[in-house]
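Asks: Please read through the structure below; I'll follow up with questions.
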Amino acid sequence: MSPFHGEDDGELLPPRRRSLDDFSETSVTIPVNEFRTTSAILTEPRGKGKETALIVAHGAGNDMSTPLIEAFARGMARAGYPALRFNFLYANEGKRSPDSPALLMKTWGAAYEYARSRLKANSWVAAGKSMGGRIASQMSAEGLLPVDRLIFLGYPLHPANDAEHLRDSHLYKIKVPLLFFAGTRDPLCNMPKLLDVLDRIDAPHKLHTIEGGDHSFHVPRSLHKTDDEIYSEIIAESVKWLSEKS
């Protein structure tokens, strides 16, 4: 049983649909390889949606039910963008240590292929929290994830409080537009270092900072901003960015 969301891994199950006022959610199972599957939730807008769809990946210490990932997928669906959020295998199977990079990439690719089989879209966006976004960006840089845009919900530019060991080399190979969200107190993303990296990226890119935000965009109480308000800010900025021509 998963310590993240209490769901058992198991056989392929029929989709379970949940209807809400402005979007619907369907629980689905994604085959990753011959022997293993993972859980995902497809969130779709009511009525005619946009022709751009998102695939959303969680970070290393959580799963697709974490509040940021859930709020982001639902908020984008409310704005008309279908979104598929999924679990990496280790989270789905109740493990705490992330899978190998190869297996993380395999799962990301399986989620992408599943989304393409279920959604009618002509443009695809990979979004991810921390590790989920980093893996997507590595795949994009190597031509292994043919998405049209990338959204980083907190990019882990370096290990915690170790700004001398950057995870940036692949970012300079990416050709598609990039949207970065970064908290000004993020111990995994030193702001001056990030700005220096962005200055050297050739692909179209945009940075939106969350004042006082940590790696999960939590801010000090003195700023009088709730998590929901910050999530709404992130969703609104993402919607605006997607509507812009690069």
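Asks: Taking the Cα centre of region 90-132 as the origin, how large is its charge dipole in debye, to the nearest 20, when only Lys and Arg (+1) and Asp and Glu (-1) carry charge on their Cβ atoms?
Replies: Details: 7 positive and 3 negative charges, 26 e Å.
My answer is approximately 120 debye.
Asks: Moving to a separate point now. Return L144, L242 ranked ascending by Cβ neighbour count within 10 Å, so the fewest neighbours appear first. Could you put the intermediate results ahead of the total?
Replies: On the way: L144 14, L242 21.
So the residues, fewest neighbours to most, are L144, L242.
Asks: Can you list which of the trypsin sites (Lys or Arg not before Pro) found in region 96-169 are DSSP loop residues with at most 12 other C-beta atoms within 10 Å? Numbers along the way, then the final one.
Replies: Numbers: sites: R96, K106, R116, R118, K120, K129, R134, R149, R167; in loops: R96, K120, K129, R167.
Passing sites in region 96-169 are R96, K120.
Asks: If the only charges are +1 at each Lys and Arg Cβ and -1 at each Asp and Glu Cβ, what is the size of the charge dipole of region 16-243 around the Cα centre, to the nearest 20 debye? Spell out each step's value before the answer.
Replies: On the way: 29 positive and 27 negative charges, 133 e Å.
With Lys and Arg at +1 and Asp and Glu at -1, about 640 debye.
Asks: Right, something else. Tell me whether the chain comes out rounded, prolate or oblate; compute the Cα gyration tensor, take square roots of the eigenvalues as a ≥ b ≥ c, and use a/c under 1.5 as the rounded threshold. Write out the running numbers ahead of the final one.
Replies: Working: a/c = 1.38, a/b = 1.28, b/c = 1.07.
Rounded.
Asks: Now for a different question. Please give the FRET efficiency for K175 paired with S100, using the beta carbon to beta carbon distance and R0 = 35 Å, rounded to the nearest 0.05.
Replies: On the way: r = 26 Å, r/R0 = 0.75.
The value I calculate is 0.85.
Asks: Exposure proxy check: E34, E237 ranked by fewest other beta carbons within 10 Å?
Replies: On the way: E34 5, E237 16.
Listed from fewest to most nearby Cβ atoms, that is E34, E237.
Asks: Starting with the fewest neighbours, write out L195, L179 ranked by other beta-carbon atoms found within 10 Å of each beta-carbon. Walk me through the intermediate numbers first.
Replies: On the way: L195 12, L179 22.
Ordered from fewest to most neighbouring Cβ atoms within 10 Å, L195, L179 come out as L195, L179.
Asks: Classify region 177-245 as rounded, prolate or oblate from the Cα gyration tensor: take a ≥ b ≥ c as the square roots of its eigenvalues, call it rounded if a/c is under 1.5, otherwise prolate when a/b beats b/c and oblate if not. Provide the component values of the computation, followed by the final result.
Replies: On the way: a/c = 3.32, a/b = 1.28, b/c = 2.61.
Since a/c reaches 1.5 but b/c is at least a/b, the shape of region 177-245 is classed as oblate.
Asks: Quick check: from the Cα gyration tensor, does region 44-118 come out rounded (a/c under 1.5), prolate or oblate?
Replies: Numbers: a/c = 3.20, a/b = 1.68, b/c = 1.90.
Verdict is oblate for region 44-118.
Asks: Please give the Cα centre distance for region 35-65 versus region 151-211, rounded to the nearest Å.
Replies: After rounding, the separation between the Cα centres reads 23 Å.
Asks: Any idea what the dipole of region 119-246 comes to, in debye rounded to 20, about its Cα centre with Lys/Arg Cβ at +1 and Asp/Glu Cβ at -1? Walk me through the numbers before you get to the answer.
Replies: Details: 15 positive and 17 negative charges, 74 e Å.
So the magnitude is around 360 debye.
Where a number appears in this text, it was derived from the coordinates with a stated rule and is not lab data. Remember, predicted model here, so these are calculated numbers, not experimental data. We place every Cβ from the backbone using ideal geometry, glycine too, and count neighbours over all the protein chains shown.
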